[in-house]
1. Restricting to DSSP H runs of at least four residues, report the calculated mean residue ellipticity at 222 nm for the chain, -39500 (n - 2.57) per run over all residues, nearest 500 deg cm²/dmol.
2. Stretched out fully, how many nm does the piece from Thr176 to Glu53 gain, at 0.36 nm a residue minus the Cα gap?
3. With a ≥ b ≥ c taken as the square roots of the eigenvalues of the C-alpha gyration tensor of region 72-175, please select rounded if a/c is under 1.5 and otherwise prolate if a/b is larger than b/c or oblate if it is not?
4. Suppose the Debye formula is applied to equal point scatterers at every Cα of region 186-239; what is log10 I(q)/I(0) at q = 0.22 Å⁻¹?
5. Label points 7 Å out from Cα along the Cβ direction at Phe26 and Lys378: separation in nm?
6. Tell me, Kirkwood radius of region 289-419 from alpha-carbon pair distances, in Å?
7. Output the relative contact order of region 2-93, whole-number percent, from Cα pairs under 8 angstrom with separation of 6+ residues.
8. What Kirkwood hydrodynamic radius do you get for region 166-278 when you take the inverse of the mean 1/r over all pairs of distinct Cα atoms, in Å?
Amino acid sequence: MKFFLIGIKGSGMAALAALLDDEGYFVSGSDVWHKCLTDDKLLKRGIHLYKLEDKEYLNYDVVIIGHDFFQDSLIKELKENKKIYFEYHQFLDFYLDNNKLISICGSHGKTTLVNLLSLVDSSSSYLRGDGEGKMNSNSKYFYLESCEYKKHFLTYFPKEIIITNIDYDHVDYYKTRKDYNNAFNLFTKNSNKIYINYRDRKKINHPNVITFGKEKKANYHYQIIEQNENNIYVSFYKNKSLILDIELKNYGENFINLVTALVSFFFENNLSLKKLENKLKKYKPASQRFEELNIKENVIILDYAHHPKQIINNYQIVSKKYKNYIKIAIFRGDRFSRIYHFKKEIKKALSKYDFAYILPLPNMEENINKSSKILKSKKIKYIEKIEDLEFIFLPNKKYSISLMSSKPFTHEIEYFKSKF
C-alpha cells in the first residue's frame, strides 16, 4: 500500500512517515520547499519529497493530510478522485492499537517525556513531536505525543494517559482557562488510568488518578539530595517508601518532574527500575529541547520555548549550568495571539537575561499585519534579522545564547558560529 502525506515536514507528520516506513509501506509526501528540521530525517529514509503544488498524491492509495493543509478544495478533489483520505489525528486513531497506546499530553514537556520513555523502554514504539518515530511490531507499548490544540487528542482512546502539566495555552482556540482545562478533563474520560502532575490534579475529575511531583503528598515524589552544574542526585519515593536513588544530568527541576512521571509509570506497570540509571546516562535532548551546541568555550542552546514558563525554565537551567557566562536570549514567537496574551509574562521572563532580543513573527495567516514589537522594552531589543544584532563578542568572555522558538534557527546558528 502507498501512503502520501501532505505536510510531511511537520513534526508529527514526519514521525508518522517514519512509522509507516518501518512497517514497509511506500511513503512519499509534499510540503513547503524551504529546508525544515525534518528534511534530513525523511531523506535519510529514502522518502521522496514533492512540492505542494504537485498532484502526485492522486497516484497513491491513502492520503494523510496535516492540519494546516486540510482545506475544502483539497477534500473536494480527493472525493472526486475517489481517494481514501484522513486528517493526521484521525489516521492515528485508525492506525494505532489502543491496547498498547500510552498517550503523553500536557502543555509542556511532552516530547521530552516520550524521549525518556522510549530511551528507557528501548523495545517500544513511539511518535515524538520532533519528527522522530519508530514502529516495533513486538512492542508492549506505543508512546504517543498527543496535542491538545483544537481538541485533537479527543480522537484517541489510550490505555493510559500521562499529563505532564496543564498551563493555559493555545489562546487563539481556547478563549478561557476553563475551556483549556476542560479539554484535558474530557480527554481523561477516554482512558482507564491517569498520571498527572500533583499541582494540576484538581483540574481533572477521574476515578483512577496517580499523581507525581515534588510534593510529598503526591503518590510518587522526588527529593534532590545534591547537585552541581552538570549532575543532580535524586531520590524517588512511592508515598513514604524509597524506590530509587539515581544520578541524572542537570536539566533543571522540570526535567526531574518528567523523570518522576516515568518512574511512576514504570512502577505502576511492574517494569524494572534496575536499568534506569544506565539508560538515562545516555539521555540526549530531542531536537530543540534544550539542545546544546558547543562552539569553542561558548554554547548555543536550541529551545522550543514559546510560552513564558518555558522561557523561565530555560533561564533557570542556563543560570545553573553556565553561571559565569554572559546570557543572551533570542526569542521568536510563533503566534501573535500567544505573545499578546502573555505579553507581560514573556517580557518579565526575557528581562532576566543579560541581553534579550526579539525577532519578527513567522509568516502565517494569524500574524498578518501583526508585530512582535509589542514585546520591546528598555531591556528587550527588536531586530528584523540576526545580522542587525548590535553586539560585540569579546574574546575573553564566554557566552550562552538561548535561541527560543517553535521554528528552526538554521541561519541564526551559522551567524553565531561565524562570530566565535
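1. -8000 deg cm²/dmol
2. 40.5 nm
3. Note, shape of region 72-175 comes out oblate.
4. These q points yield log10 I(q)/I(0) values of -0.80.
5. The two pseudo-label positions are separated by 6.6 nm.
6. 14.8 Å
7. About 32 percent, as a whole number.
8. Its Kirkwood hydrodynamic radius stands at 15.3 Å.
Taken together, the values in this text are just the output of simple stated rules run on the coordinates, not laboratory data. Keep in mind it's a predicted model, so treat the numbers as computed, not measured. Cβ: placed from backbone, ideal geometry, glycine included. Neighbour counts: every protein chain shown.
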